[in-house]
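Notes for the one structure printed next.
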Amino acid sequence: MLFSEIEIDIRFSETDAMGVVWHGNYLKFFEDGREHFGKTFNLEYLAIFDNGYFTPIVKSEIDHKAPVYYGQVIKVITKYVPSKSAKIMFEYEVVNITTGELCAIGKTMQVFLDKESRTMELLTPDFYRQWKEKNNQ
């Protein structure tokens, strides 16, 4: 299983009036996790773009388990989910390093859009197929 981990310090601007991380920021944390995964495993957004594709999110899920507060530190674990389809899927765990609690779990699904026509690719692009083979996925 391919996965990466990134630590994030919770900033004041990421919290609501109660000092709790606002629920919408978890999607941003997932994005941080995907970006870190891409750097770790050579699947960066700019490389995808350079190969002629956008990869928009078409589905996302979040289950909130415990609050995170301003000043705490979280770890986002991003796990690649293999698929035979022309899509990129990840699962996430957000762990509060300060308390040791599991704070959220989630999933995202991305598809490949041709950069020029903006149409969805139904077949796995060659560069992504090669990446999957190289990483035993």
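A short reminder: the numbers here are calculations on the coordinates, not readings from a lab. It should be emphasised that the depicted structure is a prediction, and the values quoted were computed from it without experimental measurement. FYI the Cβ positions are ideal-geometry reconstructions off the backbone, even for glycines, and counts take in every protein chain you see.
Per the listing Ala86, Ala47, Ala104, the residue uniquely in contact with a Leu (Cβ under 8 Å, 6 or more places away or on another chain) and either at negative phi or acidic (Asp, Glu) (or both) is Ala86. Scanning segment 40-60 for residues that are under 30 Å from Val20 (Cβ atoms), over 12 Å from the mean Cα position of the chain (by Cα) and exposed (fewer than 14 other Cβ atoms within 10 Å of the Cβ) yields a single hit, Val58.
Cβ separations smaller than 8 Å between residues 6+ apart or across chains give the following pairs from segment 1-28 residues that are more than 15 Å from Ile97 (Cα to Cα) and touching a residue at least 12 places away in the same chain (Cβ under 8 Å) to residues that are small (Gly, Ala, Ser) and surrounded by 13 or more Cβ atoms within 10 Å (Cβ to Cβ): Ser4/Gly33; Tyr26/Ala104; Tyr26/Gly106; Leu27/Ser60.
Close contacts from segment 122-136, counting a first residue that is touching a residue at least 24 places away in the same chain (Cβ under 8 Å) and under 14 Å from Met89 (Cα atoms) and a second that is aromatic (Phe, Trp, Tyr) and not in a helix (DSSP H, G or I), with Cβ to Cβ under 9 Å and a gap of 6+ residues or different chains, come to Thr124/Phe112; Tyr128/Tyr53; Tyr128/Phe112. How many residues are out of contact with any Asp or Glu (no Cβ under 8 Å at 6 or more places or on another chain), closer than 24 Å to Phe41 by Cα and in a loop (DSSP other than H, G, I, E, B) if we restrict to segment 112-137? Within segment 112-137, residues that are out of contact with any Asp or Glu (no Cβ under 8 Å at 6 or more places or on another chain), closer than 24 Å to Phe41 by Cα and in a loop (DSSP other than H, G, I, E, B) number 8. Beta carbons closer than 8 Å, at least 6 apart along the sequence or on distinct chains, never pair a first residue in segment 71-85 that is free of Cβ contacts under 8 Å to residues at least 12 places away in the same chain with a second that is among the acidic types (Asp, Glu) and surrounded by 14 or more Cβ atoms within 10 Å (Cβ to Cβ).
On inspection, Asp63 fails the criterion of being farther than 23 Å from Ile6 by Cβ, more than 13 Å from the chain's Cα centre (by Cα) and surrounded by fewer than 14 Cβ atoms within 10 Å (Cβ to Cβ).
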